[in-house]
Amino acid sequence: MNIPISRRLFLQSSACGACMGLAGNLFFTPAAAAGAPAMISPGAIRSKVRVGLLYLGQPQAHWPTPALDLNAEMQGYAQEFKQRAGFRDVEFVGGKLVSKPEEVQAMGVREIMKAALALGKPAVLFAKPYSGHEWSGFGQLMQQPEGALLDCILSSDCAQLEVAVRPFRAIHHLREAKVLNVTARELNAEFCAKAKERLGTEIIKVGRDEVLEAYEAIAVAAAEQEADALMARAEKIVEPARDEVVRSCRLALAFEDLLGQHEATTIAVECYGSMYRQLPAFPCIGFTRLNDMGLAGICESDLNSALTFILLQGLSGRPGFISDPTIDEAEGSIILAHCLGSTKMEGPEGAAAPFRLRTIMERQEGAVMQVFMPVGPKVTQAILVGAGDKMIYFTGDVIAAPDTERGCRTKIGVRPDGDVKTLWHNWSSGLHRVTCYGDHAEDLRRFCRFKKIEMFNEAALPMV
């Protein structure tokens, strides 16, 4: 097979995307590249997403017009890739035009697509209107074994080019990620092996002594400066004393250092288990700080939530909100509550939501940020079960940010797209879910297609 981008390059890719077709359609494929341990994009510190790119087209094709300038079409796409912010963490590889039938020993763009898909990498095809008639067979191809890793975006909106690379970014982030799990227990070897095999994510145990060493290495003055700045930004300081906030901020700075030492993106603490009262402070403020920075702090050593957080962050560039939900049929809503709330749910570059400094509700101790998250936007809630056995999700609208002395400190009320009674009848796989601002259902669907993960909408399935 003599496509003008080598088979070896495709097979070294971290994920594979494609935009293909006539008259300026594209084929993407990403490949991992070593890089410095610095923040590249939210959730990534070591390497960009490398995307292999092919343009598929036939010179002087009769439709849409034999006068079509394929080089101009390619230059137009190249300009889109250069100017759009959604490609800042993407490195494109290839960018060649494939047009000669003998290069794949078959006639037509559709057969060129099949040859590219035979490399066994996920692919997204982007095709504008008037790009040929091959689109009429894309749906059937996607249902065939050779098209199992193909998805298509047929649109005049070039902003959808950014959408096309999202599943590759999530695949890349999961494969690059290291999760530090602070616990005294042994890790679940079967779960960790499965996460590494299916998603590429490495989970590492970190003991109490290593955390304490990192904590002691943080200067008290640095922690006090961090605490004073946090307290100045707070809408109100209700319960915690300054000393509690200073210790929490010192631990927060230690978490950042630990992630740097391990070149990791995510840290979890078994805060209500083997690490309860074993650290100088509760991890909540430290987790909020990491989430707002574009890294990840995960409550209660919930590794399913950790993987889901990394996935949603890869798709959206935004943090997740891990929650303990409760149902309100009178409002047709599910209330998502946790004492850990991130202030920048729109991402590190977004506006910060107001917050108060409070104690942990159910413990009446420690220090947390009670965040009043935005009301109105669409959100997506999901959990990746069993390191990739299935994906459970639903979408909905944020209708409230309750402020009540029941449940955890930070809360949002979400009216699901579907039915709240159906949602709770179908609830399974534990209490926690991860909520991300924005409607990411299509992005999740593409990711799950490429990773061969079953996907279920809890709010739309028939009630059990």
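Every number here is computed from the coordinates shown, using simple stated rules; none is lab data. Owing to the predicted nature of the structure, the values given are computational and were not obtained by experimental measurement. Here the Cβ positions follow ideal geometry from the backbone for every residue, glycine too, while neighbour counts run over all protein chains shown.
Quick notes on this structure:
- Here the scattering of region 337-464 is modelled by Debye summation over its C-alpha atoms, one equal scatterer each and no solvent; at q = 0.11, 0.15, 0.22 Å⁻¹ the log10 of I(q)/I(0) is -0.43, -0.78, -1.31.
- In terms of the mean number of neighbouring beta-carbon atoms within 10 Å, the peptides 438-447, 425-434 order highest first as 438-447, 425-434.
- Positive minus negative residues near Arg242 (Lys, Arg vs Asp, Glu; Cβ under 9 Å): -4
- Neighbourhood net charge (15 Å Cβ-Cβ; Lys/Arg +1, Asp/Glu -1) for Pro377: 0
- Percentage, to the nearest whole number, of Cα pairs in region 49-89 over 16 Å apart: 48 percent
- Diagonalising the gyration tensor over the Cα atoms of region 272-411 and scaling each eigenvalue by 5 before taking the square root yields semi-axes of 21, 19, 16 Å, largest first.
- In region 226-311, chymotrypsin sites (Phe, Trp or Tyr not before Pro) in a DSSP loop with at most 13 other beta-carbon atoms within 10 Å: Tyr276
- Shown for Ile218, Ile285: other C-beta atoms within 10 Å of each C-beta, ranked fewest to most, produce the order Ile218, Ile285.
- Proximity of backbone amide H atoms, modeled 1.01 Å from N, is registered between Phe282 and Ala367 at under 5 Å, excluding neighbours fewer than 5 places apart on the same chain.
- For region 246-309: relative contact order, % (alpha-carbon pairs under 8 angstrom, 6 or more apart): 40 percent
- Taking other Cβ atoms within 10 Å as a rough exposure proxy, Val368, Val246 sort from fewest to most as Val246, Val368.
- Sorting Met455, Met369 by the number of Cβ atoms found within 10 Å of their own Cβ, with the fewest placed first, yields Met455, Met369.
- Distance between modelled label sites at Asp328 and Gln143, nm, 7 Å Cα→Cβ extension: 4.4 nm
- As a length-normalised measure over Cα pairs under 8 Å and 6 or more apart, the relative contact order of the chain settles at 13 percent.
- Projecting label points 7 angstrom from Cα along Cα→Cβ for Tyr130 and Glu349 puts them 3.2 nm apart.
- Distance violations [Cα-Cα > 24 Å] among Lys48/Lys96; Lys82/Lys114; Lys96/Lys452; Lys121/Lys196; Lys196/Lys344; Lys114/Lys451: Lys82/Lys114; Lys96/Lys452; Lys196/Lys344
- On the basis of the beta-carbon distance and an R0 of 51 Å, Gln364 and Asp397 show a calculated FRET efficiency of 0.95.
- A simple spin-label model places the labels of Val220 and Ala460 5.7 nm from each other, with each point 7 Å out along Cα-to-Cβ.
- Working note: 222 nm ellipticity from helices only, DSSP H runs with n ≥ 4, each -39,500 (n - 2.57), summed and divided by the residues of the chain, gives -9500 deg cm²/dmol to the nearest 500.
- Reference-scaled alpha-carbon Rg (2.2 N^0.38 Å with N residues) for the chain: 1.04
- Start at zero, step by 10 Å, and the Cα-Cα distances of region 334-403 spread as 17, 40, 33, 10 percent across the bins.
- Near Val398, once Lys and Arg are set to +1 and Asp and Glu to -1 for all other residues with Cβ below 13 Å from its Cβ, the sum equals -2.
- Membrane-span-like helices in the chain, defined purely by DSSP H runs whose alpha carbon atoms cover 24 Å or more axially and whose average Kyte-Doolittle hydropathy reaches -1.0, are 160-176, 242-262.
- Across region 249-359, C-alpha contacts under 8 Å between residues 6 or more apart give a mean separation that, scaled by the residue count, equals a relative contact order of 22 percent.
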